[in-house]
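Bear in mind these aren't lab numbers, they're just calculated from the coordinates by the rules spelled out. If you're wondering where the values come from, they're calculated on a predicted model, not measured in any experiment. Because the Cβ atoms are built from the backbone with ideal geometry, glycine has one as well, and the counts that use them run over all protein chains shown.
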Amino acid sequence: MPHTTILPSGSDATRNQSGINELSEGSPAPRLSPQEQLRDFQARMELLRGKQGKAYWRGLEELADTPQFDEVLQREFPRGAAEWLDPISRRNFLKLMGASLALAGVTACTRQADEYILPYTNAPVGLLPGVPAYYATAMPLGGLTTGLLAKSVMGRPIKLEGNPKHPASLGATDLLAQASILTFYDPERSQVVFNGNNQSTWANFVANIGPQMTQIKAANGTGLAFLTEATSSPTFAALMERLLADVPNATWYQYEPLARDNAFRASELAFGRQVLPKYDFTKADVVLALDADFLNSGVAWVRYAHDYATRRRIWEGDLSRLYVIEATPSATGTMADHRITARPSEVEALARVIAQRLGLNVPQASGLTLTEKQEKVIAGLVSDLQAKRGRSIVIAGDEQPPAVHMLAFAINEALGNVGQTVAYIETPLVQPRHNFEGIKELSEAMGRGAVRMLVIIGANPVFTAPADLDFGAKLAQVPFSVHMGLYRDETGRAATWHIPETHFLETWSDGRAYDGTTTIMQPLIAPLFNARSPIELISVLRGVELPSIDLIRNQWGVPANDRFNTFWQTTLDEGLVADSAAEPVNVKVDLGSLPPAPTLNSGGFEVIFRPDPTLYDGRFANNGWLQEVPKPLTKITWDNPALISPRTAVALLNIPVSDVANLKPEDYEKLSSANGRMLNITYGGRVLRVPLWVTPGHPDNTVTLYVGNGHTALGVIANGTGFNTYSIRTSDAPWFGPATVTATAEQYKLVSTQMHHSMEGRAIVRVGTLDRYRENPEFVKELAEFNQNLKKSLFTGEWEYNGHAWGMTIDLNTCTGCNACVVACQAENNIPIVGKSQVAMGREMHWIRIDRYYGGTLEDPMMYFQPMACVHCEKAPCELVCPVAATVHSHEGINSMVYNRCVGTKYCSNNCPYKVRRFNFLQYVDETTPSFKLMRNPEVTVRSRGVMEKCTYCQQRISAVGQAAKVQNRPIAANEIKTACQQVCPTGAIVFGDINNSEDTVTAMKELPLNYAVLGELNVVPRTTYLGRVLNFNPEIGGDVGITYFVEQHHGHADDHGGQSDGHGGHRK
Amino acid sequence: MKQFFRPYANLIALISVFVVLYAVAGFLWGGLVLDRANWTRRVNLPVEQPIPFSHQLHANSLGMDCQYCHASAGIVAYSNIPPSDTCVTCHHEVKRNSALLAPLWESVNNDTPIPWVKVHDLADFVYFNHAVHVNGGFGCTTCHGQVNEMPVVWKVHDMTMAWCLDCHRNPERYIRPADQVWNMEYEYPPTAVQATLGAQLVREQGINKEVLTNCAICHR
């Protein structure tokens, strides 16, 4: 019998003839013969050669314009995406199908099983079924807290929002806070006390620790050491103080892998005490960031991003100007008006140059040669800073050495910024020792056998401690060690005892924010698992076993029987202790102890260690939301490759390019094939094997490594994901230092969402200079590709929206690409994660994605972010093609998905010009894990396999407010409804509301001259529109937005806008 | 060779074709009938509960208001089943020792919920809001029937989407004056009167009829 297998052509994975970085699972399987293919390829290359660079490109591969790339572009979902992936043979599949068809027939005729209603026996006062209650609490991270309002539905915390009254939040949060709800319900969190490898109980531990402590106390605590995370908790500090009074010879160390040692050291050197600056970006006309990613990571970035954004809305007032000098491309760099890159060691040298030109007498580094651009920008920067005395900020990054911080302090003082935009306050952290020195001291003591008992709280030093300390091996030598942590992680497995730690949502605690504001953190729920809080552990070590609430009440002097204590009630209600912010202190900078100027060594490689943009220091590595959310710039998920510059890639891999100094489009294709090539990085004598990722805008001969991935014992999500860069970090140079880098022949598969959903080089992100805006405020509207009056549509007739008409604007001036909206949407709308192999096929499910576009050149690109979700077209192309009317329009202008009707044809997604629809190719939602059932938002349907989904404008939030208004017999108030993405956005870039209500902010936004619709030319009338970005270039320096729009190419805009030669537009001919 | 098929085989073939067709049609029809049957949809089937609570006794004979127990029906989306403590408010005096109340005392003493069987079980992808309906002038009996006359509760409507849509398309047929919402004895006026009264009430309540048939009204 002839064997005729009907299989999709792309399923033969062996037929990969491309030899090019594999973009999709399965082979591209071109139907051309190799010769034809080559000819075709050459023809395309020839076409490209004529061009002077398509100055608007997205991803290296797009520029390459290879047949493979075309295929990716033209396929709705990459090849192989629709094919059956599970390890099930075709025969089994048919069997299963037969069975399920039969069952489908039968189930239709049976009736549903009984369901039960289980009411309370004694209902809590004020609880209304299904109505969310919000509790003020806070999230600690790196010792500092951010105020939260936690949403609780029927006793289950399901979503975290920022506390508008809290100074570090102002109603917004970062993506880590959004994702911590998933960590809270993570079934792999530690649930049981372990003694060695045996399960034990808390009671057992208490019984064991008593005699131990008695022994230690007899020796006045000699041989006892504590290792905790950074903390600002007054209760924890007081308990530790009392405990240390009992055991005076014991030592308390703190270790955070991302500790701010450099800033503290600088403060000690400059002021003789530990004070740290706090900034007010609302008053800053000029900002200089010295390798400081203050808009997307670090202390209080949510607040700083909020403040900075208030000065980037041109319709509200004058723009500030941001200069960024950075060693690795960061989100702050994308926001910069002028960005220069430098190797990490050069940043200090540049800071010294700037300080000198501002009149400070500081020794200069030797061996520095300024590039033309650096010279130009620094000259402009210096005159800008001098012109804006008292209205500028110089901020140094935590990764930079103390000298850079001291110079920033000195420049701020010299410019009169202190007291205006900069204030110094005592740090809210308790005992901020130098973390790296501390852990070094501790491991030496452990190595000497001087530590008999070690109590580790929260930290995971076996994984995060610098590799040269060999902490894991030394921990094994400590006779009695206790580890308390959220996970039984690398340290938990090495310790004698492991105690599960409570998540911050399930225990009483307290802590202080970046400015000293104190919050008493209340739990939302009793501990899910058998966990204890750090203060309970410390108390037990003192021989007193008390629940966390008693410890907190004692600390704050609130007796347990005082039920109407005003302080207690107000503090919990507001989420902060009134007037607890720290007062500014008066300090004078003394540059006398400024470290000597460095001698730069231009040769060799330098390695930079940075916090992972989504995983922080690795404690969130078992959080699937954070693993899958694409890193802001590279759009890589589930990995942490080494980032290197295009030129370095060329040199390292000997990629034959004609002119390294001027990389041309045809070279990019070769460059992109380098992505995923394994490198051997030798740092401090240790070798790390890690894949590379060519990153435009990265300084040359420098490698950026994100820390936090590559766990071995955290959970199924974290283990084996990414690469453990801590394994080469050293205690002497934890942030950057010289290294050797060699390429290997091995290739590793990296997954980036960058290549999917490409929109090709149209006027998607519209940017112009301030001059151009002044000349014509409506310039963004002119950038449309063709006549906007084209009123063709398959929809006949015009529809009037008389009632509410929901709409949204997204401000490209203030979007920092921080991903908070992506994760907030995921938490709000029960969006699953899909895993690396599925993302590789373009199957990620995020309802919002943040597109990153490049403009200009490879070496020095402009970078633009654009959040993109369903834009709710009034004339929606998706609706016309659905054969089952599963996507339909509401009378309020929302394009709804009716999951129950959806049969999964995916035609809607094919016809969507914005590529914002997401299809459940497999059963992505985990419907069985009990703790995840508790986590889901009950107001949103959980989708199963075979169903299309997409942004609904948070329909559940619209309904909730609308129905409440109806019950109260009132209209919906202006700005009353906030979508999840809007609520979380630190900069307020997203505005949602009723465009038929003139009092809604969104209506005012839509009337701004900068308002434009992406692909508005298609006459689909999207309800989400964007506010074009205005860059505030310094006229002395000039600048280029890096984009030549098609409309400008066709009309030769250089003539239209005389005198704008440097103002906008890119490669003119 | 002998002819295998007799002439009447044609007839048999013909008949068997029809038999098969009718059998298939009948099977499908039977399925449809079963699917729509009251038994399948649990319409008019009294439901056995852990405690045979009689609405007839409590609501009719004793004259208790619906909201004494179902306190949240008029305020929020979910109408509550009362917590055990609500029963105790009276029953710690009344009929305290009745054997029928054993599950109640078990619940109160052990702090375990009473597993009431859900009578009105909408599909999980439907987001029904009691408060909006109640405050919009739609009475209890319109959907739940004369619960006050039921010794044990049953469902009087099949509560399918078609049934919902009947009202969502024609709210004026079912609306009643706001002060009559909780009235279990309310009788709609004759159709012609209801048509004018209903239209007037719909207008007064500010009910936007066209929005009522948007999918997103119930499904998200």
### Query
Which value in nm describes the separation of the simple spin-label points at B:Trp182 and A:Asn802, placed 7 Å from the Cα toward the beta carbon?
3.5
### Message
If you wrap a convex hull around the alpha carbons of region A:874-995, what volume per residue comes out, as a whole number of Å³?
### Response
149
### Summary
Of the residues A:Gly962, A:Met845, A:His405, the Cα lying farthest along the dipole of the protein assembly as shown towards its positive end, which is defined by charges on the beta carbon of Lys, Arg, Asp and Glu, belongs to A:Met845
### Task
Go ahead and collect, in residue order, the members of region A:449-493 whose backbone nitrogen is under 18 Å from a label point 7 Å along the Cα-Cβ direction of A:Leu244.
A:451-459
### Query
Given a Förster radius of 35 Å and the C-beta distance between B:Arg203 and A:Ala973 as r, what FRET efficiency does 1/(1 + (r/R0)^6) yield to the nearest 0.05?
0.90
### Summary
In whole angstrom, the spacing between the Cα centers of region A:176-198 and region A:903-919 equals 37
### Query
If you count, for each residue, the other Cβ atoms within 10 Å and average over each peptide, how do A:169-178, B:47-56, A:727-736, B:27-36 line up from highest to lowest?
A:169-178, A:727-736, B:47-56, B:27-36
### Task
Please average, across the residues of A:311-323, the number of beta carbons from any other chain that are within 10 Å of each residue's own beta carbon, and give a whole number.
0
### Over chain A, relative contact order from alpha-carbon pairs under 8 Å, at least 6 apart, %
15
### Summary
Within 10 Å of the Cβ of an average residue in A:938-944, the count of other chain Cβ atoms is 2
### Query
Which whole-Hz couplings ³J(HN,Hα) result when phi for each residue of region B:132-137 is put into the Karplus expression 6.51 cos²θ - 1.76 cosθ + 1.60, θ = phi - 60°, listed in order with x for Gly and Pro?
5, 5, 4, 6, x, x
#### Entry: region B:133-177 residues near the modelled B:Arg36 label - backbone nitrogen below 14 Å, point 7 Å along Cα→Cβ
B:158-163
#### Entry: A:Asp318/A:Leu794 FRET efficiency (R0 45 Å; Cβ-Cβ; nearest 0.05)
0.50
#### Entry: For A:960-969, mean number of other protein chain Cβ atoms within 10 Å
5
### Rounded tilt (10° steps) of B:9-36 against the dominant C-alpha axis of chain B
10
## Note on the structure
Rounded to one decimal in nm, the spacing of the 7 Å Cα→Cβ label points at A:Ser727 and A:Leu118 is 4.6
### Task
Return the percentage of antiparallel bridges among DSSP beta bridges fully within chain A, rounded to the nearest 5 %.
60
### Query
What is the distance in Å between the Cα centres of region A:371-387 and region A:112-162?
52
### Query
Which FRET efficiency value, to the nearest 0.05, is calculated for A:Ser580 and A:Asp280 with the Förster distance at 22 angstrom and r the Cβ-Cβ distance?
0.75
## Note on the structure
Phi-derived 3J(HN,Hα) across region B:104-109 with the Karplus relation (6.51, -1.76, 1.60, θ = phi - 60°), rounded Hz, x for Gly and Pro, is 5, 5, 4, 5, 5, 5
#### Entry: Cα-projected label distance for B:Met161 with B:Phe5, points at 7 Å along beta-carbon direction, nm
4.6
### Task
May I ask you to order B:140-147, A:543-550 by the average number of other C-beta atoms within 10 Å around their residues, highest value first?
B:140-147, A:543-550
### Query
Relative contact order of region A:598-749: what whole-number percent is it, with Cα pairs under 8 angstrom and at least 6 residues apart?
37
### Query
All other residues with a Cβ under 10 Å from the Cβ of A:Pro641 taken together, and with Lys, Arg as +1 and Asp, Glu as -1, what is their net charge?
+1
### Task
Mind telling me which of B:Ala73, B:Ala123, B:Ala131 comes out most flexible in a GNM of chain B, alpha-carbon contacts under 10 Å?
B:Ala123
## Note on the structure
Applying the span-like rule to chain A (DSSP H, Cα extent along axis at least 27 Å, Kyte-Doolittle mean at least -1.0) gives A:90-109
#### Entry: Taking region A:767-1055 and dividing mean pair separation by its residue count, relative contact order in percent (alpha carbons under 8 Å, at least six apart)
32
### Message
In whole Hz and in residue order, list the ³J(HN,Hα) couplings for region A:618-633 that follow from phi through the Karplus curve 6.51 cos²θ - 1.76 cosθ + 1.60, θ = phi - 60°; x for Gly and Pro.
### Response
x, 5, 9, 5, 8, 9, x, 4, 6, 5, 8, 5, x, 4, x, 9
### Query
Packing-wise, with mean Cβ within 10 Å as the measure, how do A:964-971, A:264-271, A:626-633, A:763-770 rank, highest first?
A:626-633, A:763-770, A:264-271, A:964-971
